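Have a look at the structure below, then the notes.
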Amino acid sequence: MNTKNLVALSLLVGMGAVLHAVVPGFFLGMKPDMMLTMMFLGIILFPDSKSVLLLGLVTGLISGLTTTFPGGLIPNIIDKPVTAFIFFALFLILKKFRKNIISAAVLTAAGTIVSGIVFLTSAYLIVGLPGPFTALFAAVVLPAAAVNTAAMVILYPVAQSIANRTKLTQQTFSQ
């Protein structure tokens, strides 16, 4: 992993942290996790296991530190690396559709749902939930999946264009 990749990943995580911090909690202290979109974009731009691990760990820590969910630090630290590697595996499976905005959107929706399930399950087992699992899933995870998918539809072409112009990465876009 070179310095240019680390800088790009840190910028994505920083933008995700700002989005995560400014989005208010709206249902029993939970809020949509906009940091996931940036993590997924980082995985799409830099599809290697070191980058995925780094993104998952850093995103989990920062997301946990800025969460409004009571006791959400540990569930976030568990959720993000697990979600990152599941997203990465799905991304690798869809190898021939990598340049397609539709596949990026579908992967983002699926990844957000996986993240919500992992987060809510780990929170339930560790600290308990402030409400029923299904209510939290329907009120927070599904809207977050829609918002993250819309954000990816907007951000993916921009990131693809920047990456192609700056030769940021050749792993994803030149294949």
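The values are calculated or read from the model by the stated rules, or taken from the named source; none is laboratory data. In this text the structure is predicted, and so the values were computed from the model without any measurement. Here the Cβ is made from the backbone with ideal geometry for all residues, glycine too, and neighbour counts use every protein chain on show. Ligands, DNA and RNA are excluded from the accessible area calculation, which covers all protein heavy atoms including side chains. Shrake-Rupley method; radii C 1.70, N 1.55, O 1.52, S 1.80 Å.
Numbers for the structure displayed
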| quantity | calculated |
| --- | --- |
| Dipole of the chain [Lys/Arg +1, Asp/Glu -1 at C-beta], most positive-end residue of 120, 64, 10 | 10 |
| Per-pair calculated FRET efficiency, R0 = 30 Å: residue 142 and residue 11 via Cβ, rounded to 0.05 | 0.55 |
| Length released on extending from residue 126 to residue 68, taking residue separation times 0.36 nm less the Cα-Cα span | 19.3 nm |
| Helix runs (DSSP H) in the chain reaching 20 Å along axis by Cα, Kyte-Doolittle at least -0.5 | 3-22, 49-65, 73-93, 101-126, 142-166 |
| Heavy-atom surface of the chain, accessible at 1.4 Å and reported per residue (Å²) | 46 Å² |
| Within the accessible area of the chain (1.4 Å probe), percent carbon and sulfur | 75 percent |
| Expected-Rg normalisation [2.2 N^0.38 Å, Cα atoms] applied to region 3-166 | 0.97 |
| Over region 14-84, relative contact order from alpha-carbon pairs under 8 Å, at least 6 apart, % | 33 percent |
| Value of relative contact order over region 3-166, rounded to a whole percent, pairs C-alpha under 8 Å and six or more apart | 24 percent |
| Pair residue 4, residue 162: separation of 7 Å Cα→Cβ label points (nm) | 1.5 nm |
| Nearest-20 debye value, region 3-166 charge dipole, Cβ charges on Lys, Arg, Asp, Glu | 520 debye |
| Modelled FRET efficiency - R0 25 Å, residue 85 with residue 22, Cβ distances, 0.05 increments | 0.35 |
